[in-house]
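A quick write-up on the structure given underneath.
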Amino acid sequence: MRKIAFIFPGQGSQYVGMGQGLYKAYEVAKRTFEEADEALGYHLSDMCFHGPADELQKTEFTQPAILTHSIAAYRVFEQEFGLRPHFLAGHSLGEITALVCAGAIPFADAVGIVQKRGLFMQQAVPVGVGTMSAISDLDPLTVEEVCHELDTPEERVTVSNYNTPRQTVIAGHVTAIERAEQRLRSMGGSVVRLKVSAPFHCPLMKEAAFQLEHELLDHQYADLSTPVIANVNALPYLGPKNIVEKLTVQMTRPIQWNQTMHFLKNQGVNVVIELGPGVVLRNMMRKTFADVHSFSFDKDEDIANMNELFDSGVLAYPCLISRSLAIAVCTRNSTWDVDAYQSGVVEPYRRIQAMLQEIEQNGLEPTLEQKRAALDMLLSVFRTKGTPIEEQKERFRQLFEETNSRHLFPDFDITSELVIR
């Protein structure tokens, strides 16, 4: 069974020319960049496509640029492939992108929020005072211990990103980072100083977090249409009421990306698609879970490989009609009214069974009306067998998730007598 997650990159993935191909090829991408330009009051699209690089590297521009490219990619992907994810997740800034795609934050609001977020982060620590460094080939616990030994109130150094089992990022004051780098190299670690203008996701971002919280409180948030994994605990949001808190806390605490990847894997995700500039998150997933099919929509080769995989049928979604029949059979019966059972279970089941046989014999794809008929049958079976309402809800939830078909029935409500009529 195919179970998909869309993931969105954070700062560091930007490059001059990002999104230009999508802009030229797809009207929906063009409208996305134009929407960002209008919301921000300047030509972000021109900066993405033509630079200059030093301007694109500035955090206040980098963050809306990556967000806009990622949203454009998401909209194009949804339009061209018609695939809907089971989960959404994003690294740092990418978490806001995921919330936009889940319908929790309007895109026009989000580009303004992330521009201010970038400005707050840059202003929190003067340029040259703080930095970040990626540590590879050492386990996270070792990196944590070194940071704990060297961290002081005057010279901060803490873990800021748990990226993979063998890559951890540290952030803090330059002098403390230098001492940590020297210690970690002596222990066999590979050290790469990151090209960033501030130390993100560490206690030095306390003032930026305070300012961001006030900005976030000025906006309204909607229910999430798709589960979004939060960076602070690698668990799904419980609803829109947690958005301000989690995005604020994320500013000063480490990004739990390694745990996020493990969560997706444990939930049965077997296809991960990175939407946005670059391949950073795709590469992390490939290194951590080689058996998960990971692609970047920013690479033509990946798109071709993804199409080949889907066309092979290896990861096809189950048929909603056949799954409905299977659920109907295995649902426990609590009624002994023979006539009711015949009319409410046997007859609708056999009718849908015959319909599926005809579809399969003729090599056809089920129509929307035929899928509705299958849901109607299953509802009749549940009501006739006396299935508890909570069990019905869970069965339908699983059915829609397994077949990736919830979006086909936006008004589906098992508590309504008018459901799917």
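Here are the numbers for this structure:
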item: Near pairs, Cβ below 8 angstrom, 6+ apart or cross-chain, from the range 262-281 (without any contact (Cβ under 8 Å) to a residue 60 or more places away in the chain) to any residue that is part of a strand (DSSP E or B) and of a type outside the set (K, R); result: F263/I229; V279/S296
item: Looking only at the range 123-158, and only at residues there that are of a type in the set (G, A, S) and in contact with an Asp or Glu (Cβ under 7 Å, 6 or more places away or on another chain), the one that is modelled with the highest pLDDT; result: S133
item: Any chance A208 is aliphatic (A, V, I, L, M), free of Cβ contacts under 8 Å to residues at least 40 places away in the same chain and closer than 25 Å to K58 by Cβ; result: no
item: Given (1) of a type in the set (G, A, S); (2) assigned to a helix (DSSP H, G or I); (3) touching a helix residue (DSSP H, G or I) at 6+ places or on another chain (Cβ under 7 Å), number of the condition G21 does not satisfy; result: (3)
item: Odd one out for D223, checked against (1) at pLDDT 95 or above; (2) within 18 Å of F107 (Cβ to Cβ); result: (1)
item: Checklist (1) within 31 Å of the chain's Cα centre (by Cα); (2) at pLDDT below 90 applied to R372, failing item; result: (2)
item: Verdict on N266 being surrounded by fewer than 20 Cβ atoms within 10 Å (Cβ to Cβ), modelled with pLDDT of 95 or more and either within 18 Å of P9 (Cα to Cα) or not aliphatic (A, V, I, L, M) (or both); result: no
item: Residue match in the range 93-112 (condition: polar (S, T, N, Q) and surrounded by fewer than 24 Cβ atoms within 10 Å (Cβ to Cβ)); result: no
item: Lone unmet requirement of (1) within 19 Å of the chain's Cα centre (by Cα); (2) in contact (Cβ under 8 Å) with a residue 40 or more places away in the chain; (3) in a helix (DSSP H, G or I) for Y162; result: (3)
item: One residue from L119, L88, L83 being surrounded by fewer than 23 Cβ atoms within 10 Å (Cβ to Cβ), outside any helix (DSSP H, G or I) and assigned by TED's automatic domain parsing to the domain that holds Q57; result: L83
item: Unmet requirement for H201, which otherwise passes all of (1) surrounded by fewer than 23 Cβ atoms within 10 Å (Cβ to Cβ); (2) within 18 Å of M121 (Cα to Cα); result: (1)
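The values are calculated or read from the model by the stated rules, or taken from the named source; none is laboratory data. The structure presented is a predicted model; accordingly, all values stated were derived computationally and were not measured. With ideal geometry, Cβ positions are generated from the backbone for all residues, glycine too; neighbour counts draw on all protein chains shown.
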